[in-house]
Amino acid sequence: MSYDLDAMRKKVNALKSGRRSDPDEFRPAKADAGKELKYRFYILPPYQENDPLRGTPASHSLDTFFLPYGIHFGVCKPPQPCPRVCDGGTCPVCQHGFDLMKEAADDRAAKSAIGREWMPADYKVVNIYFPVGQGNGSDLEGRVMFYKAPRTCFDIWVEALERTGPGDSLDPQAYGAFFDENAAFMFQLSCRVKGQNNTYESSGFLANGGTPTAMSDAAGIQQILSSRFDLTTKVDFPNIESLNKVAQNLINGVEDDGFGTPAAPMAAAPAAATVAPVPAQPAVAAPVPAQPAVAAPVAAPVAAPVAAPVAAPVQAAPVAAPAAPAAPAAPAAPAAPAEVAQAAPAPVAAPAETVQPPTGGGDDVMNEIESMLEGFSN
């Protein structure tokens, strides 16, 4: 019996990488060295709630022609969807990556390495249609599939979307709503090998002289649109609880605020214990307020307990003999707390310096490294 070993190897590699195989997903083949693969397709328009889709009406509206999607491959095994890219949420893995890049300062090589490990691959998920007769192969012709497009493709699409016309008549370009089923521009995905992966830098729209065309006849268009997928059912969305657990396992042992903050109250506790006996000291000075009854006209004793507890016992000795035995203890007892009281603020201030609020680089840092991560997303 003969076996399709290539198919088996692909299946095994998909399982090893944690990536599921979906027959509805378009994945361009890897180009051979020195050669170029080309695919031609239309990006399909967004759908509205209750529009007929593959299998079921749309349960919600897709505001634009793509669904943003990011997934952590580097440090996350198995891969984990990124809430920051998917829906603008907070991602602990990204945040730690931003902190590491901040520490790397101007070391671009270090930032690139950190980005590849800690930052997600950024995709735009779209519905696409492969028309017949464009050299796509019999396994793709006439099919509607979904595609996790890399940043390279998305940038080309955005440029076309922002154009208001074909521009130069000698070199017209696709423009506007290139995904309009009645007035569309076909996209050509060109695949070449760069390093270990495909690069799509030479991809672009087939401008057709700057004139958009319908994707098919009226009946064909209806069939194409009703064959689109609800893109939210084709991707895994972030599980915050799982992602936090993964992040903690990854960060464990790394010095960061997560471990510095709990240490601060522990450092402050001994200081509070040494200050605790201080309230007991007024018991020695307690008789002092009773002495103004003997020397009422003299105002000095009123300030004496505040400014210098030593002065009060000197005046008290002739008046109240029983208080004399306490006089020698009074100077010694206040002296010890005075030294502790001066030392106490130091331990309290130290934790305040170690507790730094997170100041992740956010999207500014991401913009800085996106160009360095181009090949990774592909």
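The values are calculated or read from the model by the stated rules, or taken from the named source; none is laboratory data. The structure displayed is predicted, hence computed values, not measured ones. Don't worry about glycine lacking a Cβ; one is built from the backbone with ideal geometry, like all the others, and counts go over all protein chains shown. These accessible areas exclude ligands, DNA and RNA; they are computed on the full protein's heavy atoms, side chains included. Shrake-Rupley method; radii C 1.70, N 1.55, O 1.52, S 1.80 Å.
If you go through segment 76-108 and pick out every residue that is within 19 Å of LYS148 (Cα to Cα), charged (D, E, K, R) and buried (at least 17 other Cβ atoms within 10 Å of the Cβ), you end up with 1. Scanning segment 78-136 for residues that are out of contact with any Phe, Trp or Tyr (no Cβ under 9 Å at 6 or more places or on another chain), without any contact (Cβ under 8 Å) to a residue 40 or more places away in the chain and of a type in the set (Gly, Ala, Ser) yields GLY88, ALA104, ALA105, ALA109, ALA110, ALA113, GLY133. Under the condition of being of a type in the set (Gly, Ala, Ser), over 15 Å from PRO150 (Cβ atoms) and open to solvent by 50 Å² or more (accessible area, probe 1.4 Å), the residues counted in segment 178-212 number 1.
Checked against the criterion of being of a type in the set (D, E, K, R), farther than 28 Å from PRO52 by Cα and surrounded by 14 or more Cβ atoms within 10 Å (Cβ to Cβ), segment 215-233 contains not a single residue that satisfies it.
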